[in-house]
1. Can you tell me how segment 80-122 classifies by the Cα gyration tensor, rounded, prolate or oblate, using a/c under 1.5 as the rounded cut?
2. Compute a Gaussian network model of the chain, connecting alpha carbons closer than 10 Å, and tell me which residue from Leu16, Leu101, Leu26 fluctuates the most.
3. Quick one: net charge around His57, please, counting Lys, Arg +1 and Asp, Glu -1 for every other residue with C-beta under 13 Å from its C-beta.
4. Return a whole-number percent for the relative contact order of segment 16-62, with Cα pairs under 8 Å and 6 or more residues apart as the contact set.
5. Explain nothing, just the number: relative contact order of segment 7-122, from Cα pairs under 8 Å at least 6 residues apart, as a whole percent.
6. Considering only protein heavy atoms, what is the solvent-accessible area of Tyr25 at a probe of 1.4 Å, reported in Å² to the nearest 10?
7. Tell me the chymotrypsin sites (Phe, Trp or Tyr not before Pro) within segment 38-122 that lie in a loop according to DSSP and have at most 16 other beta-carbon atoms within 10 Å.
8. Quote the relative contact order of segment 37-88 in percent (integer), defining contacts as alpha-carbon pairs under 8 Å separated by 6+ residues.
Amino acid sequence: MIALDKVVAGAVFERLHPFTWARGYLSSRPNDYVERWRPGAHESIETQPGYFKPVCHAEGIIRHTIVSVHKPPGYQERVFFLRHYYDPEEDFVAPPKLHHLVTRAFRREVERHQTDYEIQPL
């Protein structure tokens, strides 16, 4: 797990992240068929009866950039950060959004993806 002294404003953390090749129509443009990389493992396969494992098509990069760290009186310390996704072709996926988590949860997110997944190339 990352050290607490590394969780400071301006710190950047990167790790591998699953991506799935998505095909279909976007809700914002119902007449346009698109194919694109989508962050996450969105499909699943049954590995044992009743047990499903998430599947992705490739791995890209997720970058966490800490904006600030705050400890309000009477509450746990919170980390405010931006999440940037880079698809397997190293293209920027979408504009980053501001997120916040308590420090312990942030450290877990930076370390690894929450679930184990399997890569099945296209």
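The values are calculated or read from the model by the stated rules, or taken from the named source; none is laboratory data. What you are looking at is a predicted structure, and each value in this text was computed from that prediction instead of being measured. Here the Cβ positions follow ideal geometry from the backbone for every residue, glycine too, while neighbour counts run over all protein chains shown. Ligands, DNA and RNA are excluded from the accessible area calculation, which covers all protein heavy atoms including side chains. Shrake-Rupley method; radii C 1.70, N 1.55, O 1.52, S 1.80 Å.
1. The shape class here is oblate.
2. Per the Cα network of the chain with a 10 Å cutoff, Leu26 tops the list.
3. Surrounding charge for His57 is -3.
4. After rounding, I find 45 percent.
5. 28
6. 150
7. When the chymotrypsin sites (Phe, Trp or Tyr not before Pro) of segment 38-122 are filtered for loop state and at most 16 Cβ neighbours within 10 Å, Tyr75 remain.
8. Relative contact order comes out at 33 percent.
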